[in-house]
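Peer 1: Here it is: the structure, laid out below.
Read-outs throughout are calculated quantities, based only on the coordinates presented, and are distinct from any laboratory measurement. Fair warning: this is a prediction, and the values are worked out from it, not measured in the lab. Every residue, glycine among them, receives a Cβ derived from its backbone with ideal geometry; neighbour counts consider all protein chains shown.
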Amino acid sequence: MKDTISKRRVDPFSLLSEALENGWQTIDTIPRAGQGEFLVITLTGLRCLARTRSAEPRIRREDGWGPRRTTVVACGSGNYLGAIAWRWPETNGDA
């Protein structure tokens, strides 16, 4: 198990606390499959549009690598990502 956070990468724990202060939501309330696309923050600090493929996402426990997270699929690339926080995308009222 990992003991310390590498100085060469973003600290995911501080990233999560900062995101929650700025209005992001925890992964406990992440949308289920078929509920649409949403923005996520990953363990590495990436912010992108994603979706969930399962009706009940499996949540991985907190460990030395980062806070609690779940797997989502990036809408653009189809890559699997470890999401730590999410929110609905901003709409500008044009729709």
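Peer 1: Grab the DSSP H runs of the chain that are 4 residues or longer, score each as -39,500 (n - 2.57), total them, divide by all residues and round the 222 nm result to the nearest 500 deg cm²/dmol.
Peer 2: Theoretical 222 nm ellipticity from helices: -3000 deg cm²/dmol.
Peer 1: Helix 12-21 versus the longest principal axis of the chain: what angle, 0 to 90°, nearest 10, using Cα atoms?
Peer 2: In the chain, helix 12-21 runs at an angle near 40 degrees to the longest axis.
Peer 1: Could you work out the relative contact order of the chain? I mean the mean sequence separation of Cα pairs under 8 Å and 6+ apart, divided by the number of residues, in percent.
Peer 2: Value for the chain: 32 percent.
Peer 1: For region 67-80, just list the computed ³J(HN,Hα) in residue order, Karplus coefficients 6.51, -1.76 and 1.60, θ = phi - 60°, integers in Hz, with x standing in for Gly and Pro.
Peer 2: Calculated HN-Hα couplings, in order: x, 3, 8, 9, 8, 10, 10, 5, 5, x, 9, x, 6, 7 Hz.
Peer 1: What size of dipole, in debye to the nearest 20, comes out for the chain about its Cα centre when the only charges are +1 on Lys and Arg C-beta atoms and -1 on Asp and Glu C-beta atoms?
Peer 2: 420 debye
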